[in-house]
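S.K.: One structure, pasted below without further comment.
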Amino acid sequence: MRDASPQTIYLEDYTPFGYTVQEVHLTFDLAPSATRVTSRIRFAPNPQATDKTFFLHGENLSLISAKIDGEPVTPTLSEDGLTCDVPNMPFVWEAEVQIDPAANTALEGLYLSNGMYCTQCEAEGFRKITYYPDRPDVMSTFTVRINGPHATLLSNGNPVASGEGWAEWHDPWPKPAYLFALVAGELIAHRDTFTTMEGRKVDLALYVRPGDEGKCAFGMQALKDSMKWDEDVYGRAYDLDVFNIVAVDDFNMGAMENKGLNIFNASAVLASPETSTDTNFERIEAIIAHEYFHNWTGNRITCRDWFQLCLKEGLTVFRDSQFTADMRSEPVKRISDVIDLRGRQFPEDQGPLAHPVRPESFQEINNFYTATVYEKGAEVIRMLKTLVGDAAYAKALDLYFDRHDGQACTIEDWLAVFAEATGRDLAQFKRWYSQAGTPRVAVSDSFENGTYALNFTQSTPPSATTADPQPQVIPMAVGLIGPNGDEVMPTQVLELTQTSQTFSFPGLAAKPVPSILRGFSAPIVLDHTPDHAFLLAHDTDPFNRWEAARNLARASLMATIVKGAAPDQAWLSGIEKVLLDDSLDPAYRALMAGLPGQSELAAEMHRSGHTPDPDAIWVAVNALKQALSDRMRDGLSALYAAQQVSAPYAPDATQSGMRALGNTVLSLITRQDGGDQAQVQYDTADNMTQQLSALANLIRAGRGDAALAQFEAQWKDDRLVMDKWFGLQVIEAKPDDAADTAKALTRHAAFNWKNPNRFRATLGALAGHHAGFHAKDGSGYTMLADWLITLDPVNPQTTARMCSAFQTWRRYDAIRQSMIGKELDRIAATPNLSRDTTEMITRIREA
Ligand code: B3K
Ligand code: ZN
């Protein structure tokens, strides 16, 4: 429902709640449209708080009865909660409410997904379950009784007792309500055990719907690997007798770290070689690790308020990226993370939705689970680690866990342990948490009398939330390479703190070529044009070698788009060499051959004073791929054959790297043979990585119809595979056909738009198809706006998230801007638009 005047919440207004909660008892009597929730909560006045207003959040609840210390009371009800007179001493609050899980399409609170009850409480969903101080700084133990006729009845913590039609759970670790969870349904458990370094035997279970039993083994192994890794690397052991994961079909995001009962989008946990790609396997491993790592960074130590979200999310993303780097390849993981950062976080930081890693105000907190909070938040921690060093990082983390276990903390608490462990003053570093925008660093150099000098000038453009950005602390990892290609100075981390700074390197025989921002040591844009071809050939830093290839490709594409130049020979010959270099990891070689995203090229054009033309970008990208294919024509078959794996399928780094390179080469072959090899791969594939890639090539070659029909017939009963079928047709459509293809798919019998995975697979694919979404006739814009308007009353959270497709609208020409502006106006004018979507559209329109 539209809030007449949506309220803005400010970080600076934080005050503690007037009461502490000592104990929560909940009883659920489950019924699809009339679930009864009875709560018994022990409150006590909070000595830390001056405001003693007793306000409990509550939304869409029917209050049946309320009592204080056993006596009926009549609270004052409002749309968002209740107030009540309470004694100035400890008391017991009891309430009974009725809720309607079957009508809950927003997938927040308690809802039904294919007949299974499940919950999503972060950030503010618990208030849709019962009246409660639904804020992360109110922590309590929970005891939960579930009455329902289901085989599986789960909640947080340890099982206490159960019988026919009921189960009781107790979570001994105090937690905020956002970590509460309940699941009830007819589920099958895939079981295992893990013994912690403290000798505690933990029963593990992955609960799935019947039919999905065969897709559990990989997720379970990933869980055990994560548990072991957190012990080995961070010294953190698990702390309950059981750890349960449940897969659900209808879920707004990837997964949720509820204490002892993680709930996962089925797409983020179920995997089998036939139905999942290597990329799916890697993502699943990372998400399982991420949610598991939250047990310490998020659950044992949580956030004081939602402005501190990056305290748990930035740190946990950083930890899961360390895990993936350890499990697989560090350079490949780093490159993939930077591609993702540039693809999702940079546009956010450089557009109307820019906000600091720790925002200072919001209307709807769900709109701030962003790439900035998560991914830039993780980059900030990576920089901190680079600056203080590994040993000091470990010491600071130990101090953090010791000092703050069981608390709800702030970024100030986090930085204080680093300041204390290292003696550093982090006042300037803290700007990374308060300033929005991507810093740009320009580089110039000189060489005189054997001394090489590098000058760095940093600047951050003003943004919606940061009018006057100040210089930040930028760890700049730099190496120097001599003219003969040998490294003359291994990596050193220079610390930039001022607007302009010069660093000198004496004693050099000749002017070196600098390799700057090695390992992408800070989330910035570097303005520097060294000899990229030289660095591509000689850089010892794998990230910067990849970056050199990227820079060459970007320059080549820009020259084609702006001046009609032919593809750059330096890129073509450099990449050919890399692709044929068997001494390099195949996964790395596949990444080297990748091109910058089309949206990234549009941003680059806009920045350099050109109006991006999505069609011209599309044409240039295809011309460069064609040129590489033509150049390598004779060697492609052998290179492809060398990547075929004869061993049984395994989703490990070695095999998936070979398949990644094999599929990169297949796309080059398709440009020569029109899809013959792709057809062979499609017909013989025994795993989804190769089947899907072959299908993509066939569509691109204009001969995908038969394979698409075969694929649909083969996989019509597997909803996760069918999401791929929906998405791929849009992703691979020619720009002029993208919106029509998406439209036709929305008329398909299997297009269940209320399922977020299917909605995202289809409409998200359209939004991600740069030239298709920005088709000249505006069909992409209208199509997306129509569906956002349709989805908003049903699922505001997923709608609001997808509004970001419009965030870059000011880059484009006047006609496109006017078409998008009209769509934004149309969405904004929709009656009863949700608070989530209203906030997003307002911020985007203000650009
Ligand atoms: N903490 C959850 C995200 C909740 C999103 C709420 N809109 C998953 C995660 O980051 O691990
Ligand atoms: Zn998280």
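The values are calculated or read from the model by the stated rules, or taken from the named source; none is laboratory data. Worth saying up front: this structure is predicted, and the values here are computed from it rather than measured. Glycine gets a Cβ as well: all are built from the backbone with ideal geometry, and neighbour counts include every protein chain shown. Only protein heavy atoms, including side chains, enter the accessible area calculation; ligands, DNA and RNA are left aside. Shrake-Rupley method; radii C 1.70, N 1.55, O 1.52, S 1.80 Å.
S.K.: Given the options A570, A565, A555, A587, name the one that is under 26 Å from the mean Cα position of the chain (by Cα) and outside the structural domain of R334 (by TED's automatic domain parsing). Quick ask: steps written out before the conclusion?
M.R.: Working: A570 fails: under 26 Å from the mean Cα position of the chain (by Cα); A565 fails: under 26 Å from the mean Cα position of the chain (by Cα); A555 fails: under 26 Å from the mean Cα position of the chain (by Cα).
Answer to the selection: A587.
S.K.: For the stretch 268-291: of the residues being among the aliphatic types (A, V, I, L, M) and outside any helix (DSSP H, G or I), which is surrounded by the most Cβ atoms within 10 Å (Cβ to Cβ)? Don't jump to the end; show me each part of the working.
M.R.: Filtering the stretch 268-291 for residues among the aliphatic types (A, V, I, L, M) gives 268-271, 284, 286-289.
Still in the running and outside any helix (DSSP H, G or I): 269-271.
Details: V269: 29, L270: 27, A271: 25.
Looking at residues that are among the aliphatic types (A, V, I, L, M) and outside any helix (DSSP H, G or I), I get V269.
S.K.: When both residues are 6+ apart or on different chains and their Cβ atoms are under 7 Å apart, which pairs have a first residue that lies in the stretch 199-216 and is of a type in the set (G, A, S), and a second that is not in a strand (DSSP E or B)?
M.R.: G214/S272
S.K.: Sort through T540, T611 and tell me the only one that's in contact with an Asp or Glu (Cβ under 6 Å, 6 or more places away or on another chain), closer than 25 Å to A733 by Cβ, outside the structural domain of R810 (by TED's automatic domain parsing) and surrounded by fewer than 21 Cβ atoms within 10 Å (Cβ to Cβ).
M.R.: Values: T540 fails: closer than 25 Å to A733 by Cβ.
Residue meeting the stated conditions: T611.
S.K.: Can you say whether H294 is buried (at least 24 other Cβ atoms within 10 Å of the Cβ), within 11 Å of ligand 2 (Cβ to nearest atom), within 25 Å of R760 (Cα to Cα) and of a type outside the set (A, V, I, L, M), as far as the supplied structure shows? Walk me through it before giving the result.
M.R.: Numbers: buried (at least 24 other Cβ atoms within 10 Å of the Cβ): yes; within 11 Å of ligand 2 (Cβ to nearest atom): yes; within 25 Å of R760 (Cα to Cα): no; of a type outside the set (A, V, I, L, M): yes.
Against the criterion (buried (at least 24 other Cβ atoms within 10 Å of the Cβ), within 11 Å of ligand 2 (Cβ to nearest atom), within 25 Å of R760 (Cα to Cα) and of a type outside the set (A, V, I, L, M)), H294 does not qualify.
S.K.: Filter the stretch 795-804 down to the residues that are in a helix (DSSP H, G or I) and either open to solvent by 40 Å² or more (accessible area, probe 1.4 Å) or not β-branched (V, I, T) (or both) and list them by number.
M.R.: At the first step, the residues of the stretch 795-804 found to be in a helix (DSSP H, G or I) are 796-804.
Listed by number, the residues that qualify are P796, Q797, A800, R801, M802, C803, S804.
S.K.: Can you find a residue that is polar (S, T, N, Q) and within 28 Å of N752 (Cα to Cα) anywhere in the stretch 154-163?
M.R.: Residues of the stretch 154-163 polar (S, T, N, Q): 155-156, 158, 162.
So of that shortlist, the ones also within 28 Å of N752 (Cα to Cα) come out as none.
Within the stretch 154-163, not a single residue is polar (S, T, N, Q) and within 28 Å of N752 (Cα to Cα).
S.K.: Okay, next question. Given the criteria open to solvent by less than 10 Å² (accessible area, probe 1.4 Å) and under 30 Å from P210 (Cα atoms), does A707 qualify?
M.R.: Details: open to solvent by less than 10 Å² (accessible area, probe 1.4 Å): yes; under 30 Å from P210 (Cα atoms): yes.
The answer is yes for A707.
S.K.: Kindly establish whether L107 is part of a loop (DSSP other than H, G, I, E, B), of a type outside the set (S, T, Y), touching a residue at least 24 places away in the same chain (Cβ under 8 Å) and crowded, with 18+ Cβ neighbours inside 10 Å. Write out each step before concluding.
M.R.: Working: part of a loop (DSSP other than H, G, I, E, B): yes; of a type outside the set (S, T, Y): yes; touching a residue at least 24 places away in the same chain (Cβ under 8 Å): yes; crowded, with 18+ Cβ neighbours inside 10 Å: yes.
When the stated conditions are applied, L107 passes them.
S.K.: Does at least one position in the stretch 45-65 carry a residue that is in contact with a Lys or Arg (Cβ under 8 Å, 6 or more places away or on another chain), open to solvent by 70 Å² or more (accessible area, probe 1.4 Å) and at pLDDT 95 or above?
M.R.: yes
S.K.: Quick check, is T302 more than 9 Å from ligand 2 (Cβ to nearest atom), not in a helix (DSSP H, G or I) and not charged (D, E, K, R)?
M.R.: Details: more than 9 Å from ligand 2 (Cβ to nearest atom): yes; not in a helix (DSSP H, G or I): yes; not charged (D, E, K, R): yes.
For T302, the condition - more than 9 Å from ligand 2 (Cβ to nearest atom), not in a helix (DSSP H, G or I) and not charged (D, E, K, R) - is met.
S.K.: Check D825, D786, D792 and return the single one that is of a type in the set (D, E) and open to solvent by less than 10 Å² (accessible area, probe 1.4 Å). Show your work before the answer.
M.R.: Working: D825 fails: open to solvent by less than 10 Å² (accessible area, probe 1.4 Å); D786 fails: open to solvent by less than 10 Å² (accessible area, probe 1.4 Å).
The conditions single out D792.
S.K.: Check the stretch 230-238 and report whether any residue there is within 24 Å of P651 (Cα to Cα), assigned to a strand (DSSP E or B), of a type outside the set (G, A, S) and within 16 Å of ligand 1 (Cβ to nearest atom).
M.R.: No; the residues of the stretch 230-238 include none that is within 24 Å of P651 (Cα to Cα), assigned to a strand (DSSP E or B), of a type outside the set (G, A, S) and within 16 Å of ligand 1 (Cβ to nearest atom).
S.K.: Is it true that Y433 is of a type in the set (F, W, Y), open to solvent by less than 40 Å² (accessible area, probe 1.4 Å) and closer than 29 Å to K376 by Cα? Explain how you work it out, then say what you get.
M.R.: Numbers: of a type in the set (F, W, Y): yes; open to solvent by less than 40 Å² (accessible area, probe 1.4 Å): yes; closer than 29 Å to K376 by Cα: yes.
Considered against the rule, which asks whether it is of a type in the set (F, W, Y), open to solvent by less than 40 Å² (accessible area, probe 1.4 Å) and closer than 29 Å to K376 by Cα, Y433 comes out as yes.
S.K.: Which ranges mark the strands (runs of 3 or more DSSP E) fully within the stretch 119-182 that have 2 or more residues being under 19 Å from D239 (Cα atoms), open to solvent by 30 Å² or more (accessible area, probe 1.4 Å) and at pLDDT 95 or above? It would help to see each step written out before you state the result.
M.R.: Values: elements: 140-147, 152-155, 158-163, 166-175.
Qualifying strands (runs of 3 or more DSSP E): 158-163, 166-175.
S.K.: Another question, then. Does S504 satisfy the condition of being in contact with a helix residue (DSSP H, G or I) (Cβ under 6 Å, 6 or more places away or on another chain) and either of a type outside the set (F, W, Y) or open to solvent by 30 Å² or more (accessible area, probe 1.4 Å) (or both)? Before the answer, list the steps.
M.R.: Values: in contact with a helix residue (DSSP H, G or I) (Cβ under 6 Å, 6 or more places away or on another chain): no; either of a type outside the set (F, W, Y) or open to solvent by 30 Å² or more (accessible area, probe 1.4 Å) (or both): yes.
Here the answer is no, as S504 does not meet what is asked.
S.K.: Can you tell me which of L552, L557, L535, L579 is in contact with a strand residue (DSSP E or B) (Cβ under 8 Å, 6 or more places away or on another chain), assigned to a helix (DSSP H, G or I) and over 30 Å from R431 (Cα atoms)? Spell out the reasoning first.
M.R.: On the way: L552 fails: in contact with a strand residue (DSSP E or B) (Cβ under 8 Å, 6 or more places away or on another chain); L557 fails: in contact with a strand residue (DSSP E or B) (Cβ under 8 Å, 6 or more places away or on another chain); L579 fails: in contact with a strand residue (DSSP E or B) (Cβ under 8 Å, 6 or more places away or on another chain).
Selected residue: L535, the only one of L552, L557, L535, L579 that is in contact with a strand residue (DSSP E or B) (Cβ under 8 Å, 6 or more places away or on another chain), assigned to a helix (DSSP H, G or I) and over 30 Å from R431 (Cα atoms).
S.K.: Same structure, new question: Restricting attention to the stretch 234-253, which residues are within 16 Å of ligand 2 (Cβ to nearest atom) and not aromatic (F, W, Y)?
M.R.: Passing the criteria: R236, I245, N252, M253.
S.K.: Considering only the stretch 835-847, I want to know if a residue exists there that is open to solvent by 30 Å² or more (accessible area, probe 1.4 Å), at pLDDT 95 or above and of a type in the set (A, V, I, L, M).
M.R.: no
S.K.: Go through the stretch 729-774 and tell me which helices (runs of 4 or more DSSP H), entirely inside it, have 2 or more residues that are open to solvent by 10 Å² or more (accessible area, probe 1.4 Å).
M.R.: Numbers: elements: 738-746, 756-759, 765-768, 770-773.
Correct list: 738-746, 756-759, 765-768.
S.K.: With respect to the numbered conditions (1) more than 10 Å from ligand 1 (Cβ to nearest atom); (2) open to solvent by less than 20 Å² (accessible area, probe 1.4 Å); (3) within 28 Å of R334 (Cβ to Cβ); (4) not in a loop (DSSP other than H, G, I, E, B), which one is the sole condition not fulfilled by V246?
M.R.: Looking at each condition in turn, V246 falls short on (3).
S.K.: Restricting the stretch 373-392 to residues that are touching a Pro at 6+ places or on another chain (Cβ under 7 Å) and more than 16 Å from ligand 2 (Cβ to nearest atom), which is nearest to K430 (Cα to Cα)? It would help to see each step written out before you state the result.
M.R.: Filtering the stretch 373-392 down to residues touching a Pro at 6+ places or on another chain (Cβ under 7 Å) leaves 376, 379, 383, 386-387.
Checking the rest, the ones that are also more than 16 Å from ligand 2 (Cβ to nearest atom) come to 383, 386-387.
Working: M383: 12, T386: 15, L387: 13 Å.
The residue in question is M383.
S.K.: Considering only residues that are in contact with a strand residue (DSSP E or B) (Cβ under 7 Å, 6 or more places away or on another chain) and among the small types (G, A, S), look in the stretch 370-428 and name the one that is nearest to ligand 1 (Cβ to nearest atom).
M.R.: Here the residue is A408.
S.K.: Let me confirm something: among A408, A416, A427, A421, which residue is crowded, with 21+ Cβ neighbours inside 10 Å and more than 20 Å from F520 (Cα to Cα)? First the steps, then the outcome.
M.R.: Numbers: A416 fails: crowded, with 21+ Cβ neighbours inside 10 Å; A427 fails: crowded, with 21+ Cβ neighbours inside 10 Å; A421 fails: crowded, with 21+ Cβ neighbours inside 10 Å.
After ruling out the rest, the residue left standing is A408.
S.K.: Still on this structure, please answer the following. Just the residues that are of a type in the set (V, I, T) and modelled with pLDDT of 95 or more, please, taken from the stretch 481-538.
M.R.: Matches in the stretch 481-538: I481, V488, T491, V493, T497, T499, T502, V513, I516, I524, V525.
S.K.: Specify the residue that is surrounded by the most Cβ atoms within 10 Å (Cβ to Cβ); the eligible residues are those in the stretch 311-361 that are hydroxyl-bearing (S, T, Y) and within 16 Å of ligand 1 (Cβ to nearest atom). First the steps, then the outcome.
M.R.: As a first pass, look at the stretch 311-361 and keep what is hydroxyl-bearing (S, T, Y): 316, 321, 324, 329, 336, 361.
Now narrow it down to the ones that are within 16 Å of ligand 1 (Cβ to nearest atom): 316, 321, 324.
Values: T316: 26, S321: 23, T324: 22.
Among those residues, the one meeting the criterion is T316.
A quick yes/no check of all residues on (1) more than 18 Å from V373 (Cα to Cα); (2) more than 16 Å from ligand 2 (Cβ to nearest atom); (3) in contact (Cβ under 8 Å) with a residue 60 or more places away in the chain; (4) among the acidic types (D, E):
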position: A255; (1), (2), (3), (4): no, no, no, no
position: A268; (1), (2), (3), (4): yes, no, no, no
position: E274; (1), (2), (3), (4): yes, yes, yes, yes
position: I287; (1), (2), (3), (4): no, no, no, no
